[in-house]
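Single-structure report; data block below.
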Amino acid sequence: MLPEEVTRFIGQRGDVRITEVDKGAIRRFAEAIDDPNPLYGDEEHARNSRYGSIIAPPGFFGWKTKWAQSEAAYADPRSGLGAALRNAGFTNPAPVNAGEEYEFFRPVRPGDTLAATSMITDIRERDGRTGKMVFIITETSYVNQNGDLVAKARGIGMRR
Amino acid sequence: MAKQLFWEDVEVDSEVTPLPKVATRQMMVKWAGASGDFNPLHYDDSFAEASGVGKPIVHGALKRAWLIQLMTDWIGDQGTLKKFACQYRAMDYPRLMKTTSEPHEGETWWCKGKVTKKYVEGDEHLVDCEIGVENGKGEVTTPGTATVILPSRG
């Protein structure tokens, strides 16, 4: 049984994280994974495509939005979820990413300003081969400057 | 550029064109900078050791990005990735670098997939796939699923 000190974080929302997505960030992201898709970097190809401009690879929402998820859980190192988990015996220093789910509604383009908001929707304990594990489920929505929902993500974080 | 794939070209059990990837420490450094993930688990030997994983491990989200490329390469410019999920079941360890641009000999990872369902919903021609990243021993460390919209010849 997880203590209330931990479960009280279920339903907690993080602050909104806002990022302007620029062409350079998209290019660096595509280069990092070695993805030469011309929709991400070739202006002329992208202009003549059905998108009419460069787009970001699905799953890229800019750089700072990455932190929306951990913001909901770990913004305050002393009184946040991290501290509560340590008190409950989950002392491994590294949060592990156990899985992700996405639903994509609209492409992301350079110049878009995206607002990401995360909420912790569940915290569950499980017995694994190597001892007790706790899974932290976070849901994040990404909304662009026109107020359109661009994507929804569900992340599964694991601590031991 | 590969020829555009159409919904009519695909059947249940059709193979998604496999995509090979080589994870290196260098790629992980680039990924950290590009994605904003600075968890030392992925670049600091002593931190990785203290965390119980031995050595720095490949970012889950980097494997996610590979699997997304597997799908976007296959569906082409006219296809749309609608849903995607993956689970990080086992760790992967990158190759180290031999020169500033060449990795040492070692593992190659293969992103693979196959069609599990083909259907129409409203005006969307959809295909569900089972996907995964396979390590050099042929073990699937990162299984997942994807739903794509493909153009139809009508």
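In Å², what does the accessible area per residue of the stretch B:7-149 work out to with a 1.4 Å probe?
Numbers: 6370 Å² over 143 residues.
Per-residue accessible area for the stretch B:7-149 comes out at 45 Å².
Where the centroid of each part is defined by its Cα atoms, how far is the stretch A:1-70 from the stretch B:123-147 in Å?
21
Pop a pseudo-label 7 angstrom from the Cα along the beta-carbon direction at both residue B:119 and residue A:27 and give the gap in nm to one decimal.
Between residue B:119 and residue A:27, the label points sit 4.3 nm apart.
How big is the accessible area of residue A:63 in square angstrom, nearest 10, if you roll a 1.4 angstrom probe over the protein chains?
Residue A:63 exposes around 100 Å² with every protein chain in place.
Go through A:119, A:1, B:71 and list them by solvent-accessible area, largest first, probe radius 1.4 Å. Walk me through the numbers on the way to the answer.
Details: A:119 55, A:1 210, B:71 0 Å².
The ordering from most to least exposed comes out as A:1, A:119, B:71.
Where in the stretch B:84-154 are there trypsin sites (Lys or Arg not before Pro) that are in a DSSP coil and have at most 12 other Cβ atoms within 10 angstrom of their Cβ? Spell out each step's value before the answer.
Working: sites: B:89, B:95, B:98, B:112, B:114, B:117, B:118, B:137, B:153; in loops: B:89, B:98, B:137, B:153.
Passing both the DSSP loop test and the Cβ count: B:98, B:137, B:153.
For the stretch A:11-39, which residues drop by 50 square angstrom or more in accessible area between the chain on its own and all protein chains together (1.4 Å probe)?
In the stretch A:11-39, residues shielded by partner chains: A:29, A:32, A:33.
Got a sec? What order do A:15, A:122 fall in by accessible area at 1.4 Å, biggest, i.e. largest, first?
A:15, A:122
When only DSSP loop residues count, what GluC sites (Glu not before Pro) in the stretch B:87-154 have their Cβ near at most 10 other Cβ atoms within 10 Å? Write out the running numbers ahead of the final one.
On the way: sites: B:105, B:107, B:121, B:124, B:130, B:134, B:139; in loops: B:105, B:107, B:139.
Here the sparse-neighbourhood loop sites are B:105.
Chains A and B: what accessible area do they bury, summed, in square angstrom to the nearest 100, with a 1.4 Å probe?
The contact between B and A buries close to 2900 Å².
Round to a whole angstrom and tell me the spacing of the C-alpha centers of the stretch B:30-100 and the stretch B:7-21.
Here the answer is 23 Å between Cα centres.
Give me the dipole magnitude in Debye, nearest 20, for chain B about the Cα centre, with unit charges on the beta carbon: positive for Lys and Arg, negative for Asp and Glu.
Approximately 240 debye in magnitude.
Taking the Cα-to-Cβ direction at residue B:128 and at residue A:152 and moving 7 Å from each Cα, how far apart do the two end points lie in nm?
For the pair residue B:128/residue A:152, the computed spacing is 1.7 nm.
Largest first, how would B:96, B:126 line up by accessible area (1.4 Å probe)?
If we order B:96, B:126 from most to least accessible, we get B:96, B:126.
For a 19 Å ceiling on Cα separation, which of these pairs sit above it: A:152/B:21; B:21/B:82; B:63/B:112; B:21/B:63; B:82/B:118?
A:152/B:21; B:21/B:82
Quick check: the angle from helix A:23-33's long axis to the longest principal axis of chain A, C-alpha only, nearest 10 degrees?
Its long axis makes an angle of about 60 degrees.
The values are calculated or read from the model by the stated rules, or taken from the named source; none is laboratory data. This is a predicted model, so every value here is computed, not measured. Cβ sites come from the backbone with ideal geometry, for glycine too, and all protein chains shown count toward neighbours. Calculation scope for accessible area: heavy atoms of the full protein, side chains included, ligands and nucleic acids excluded. Shrake-Rupley method; radii C 1.70, N 1.55, O 1.52, S 1.80 Å.
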